[in-house]
C-alpha cells in the first residue's frame, strides 16, 4: 500500500480530487485534506484542537478527528475536520484520518493515533522528506490531498485523479519553493566571497536537508550522523554545510514569524 499526495493551487481543485477519489471507492478513512483555515467554508463543521501541549497532541487530534467521523454531518464531503496551528505555517484545517496523519508527520501532531494498526501502516508511507514542501504549499494558500488506497484500487488510477484535478508535481513544488528563497541565498553566499553559481547544487542540497523532520532544529554537529547516512562524503562539502546552516536559520525564522 502506498500514500499518494496531491498539492492544488485552489481549494476547489482539491475538493474535486476528493470527490473523484470517492468514485474510485476510497472511503473517508482513506482520504485526507489539509487546507489553510481561511479556505475552509463558513459553516463547515470543525473539531477544535489546541497546539499548546506537545505530549499527547497526536493522540488528541487522532481521537478528535477519528471520533467525530460520521458524527459531523455538516462537514464537507462527510469528513470531520480539526483545526490546529502548524508551527511555521499558521492555522490549518485537517480533514479526515489521513489528514491528521499528514500533520503528524510534519511535527504538528506527532504520532496521531486512530487505531494502532492504521497508525503503524500509515507511519511508513508518509514521504517525510517532502513535508517541508507541503508546509510551504499551505503557507502559499494551496491545499493538500492525501490518499491511502487499498490493494483493490490501482495507485495509477489515484494518481490520474490527482493529475486530472490539477495536482502539481513534486518537482514543480520543489522548484517553486527554491525559487522563493534563491535570490536571498544568492546575495548571502556571494557576499561571503563565494561563487553561488558554481556551488548552488550542493548549497541547495544542504538547505533542503535542514528542513527534513529528522534534522529540524539540530545544528550540523547534532545532525551529522543523520546526514552522513543520507549523503555521501563528497556531497557534504563546504557549500552543503553552508546551505545547511542557512536552511536551519530559514526554518527557524518561519516558525518564529508564525
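The values are calculated or read from the model by the stated rules, or taken from the named source; none is laboratory data. Not measured: the values here are computed from a predicted model. Because the Cβ atoms are built from the backbone with ideal geometry, glycine has one as well, and the counts that use them run over all protein chains shown.
Which ones in the range 200-216 are surrounded by fewer than 18 Cβ atoms within 10 Å (Cβ to Cβ) and in contact with a helix residue (DSSP H, G or I) (Cβ under 7 Å, 6 or more places away or on another chain)? Reasoning before the result, please.
First, pick out the residues of the range 200-216 that are surrounded by fewer than 18 Cβ atoms within 10 Å (Cβ to Cβ): 201, 213-214.
213, 214 - these are the residues of the range 200-216 that are surrounded by fewer than 18 Cβ atoms within 10 Å (Cβ to Cβ) and in contact with a helix residue (DSSP H, G or I) (Cβ under 7 Å, 6 or more places away or on another chain).
Does the range 157-178 contain any residue that is on the phi > 0 side of the Ramachandran plot and in contact with a strand residue (DSSP E or B) (Cβ under 7 Å, 6 or more places away or on another chain)?
yes
Filter the range 180-213 down to residues that are over 21 Å from residue 256 (Cβ atoms) and not in a helix (DSSP H, G or I) and give me whichever is farthest from the chain's Cα centre (by Cα).
Here the answer is 193.
Please identify the pairs in which a residue from the range 233-258 that is farther than 18 Å from residue 221 by Cβ has its Cβ atom under 9 Å from the Cβ atom of a residue that is surrounded by fewer than 14 Cβ atoms within 10 Å (Cβ to Cβ) and modelled with pLDDT under 95, counting only partners at least 6 apart or on another chain.
255/217
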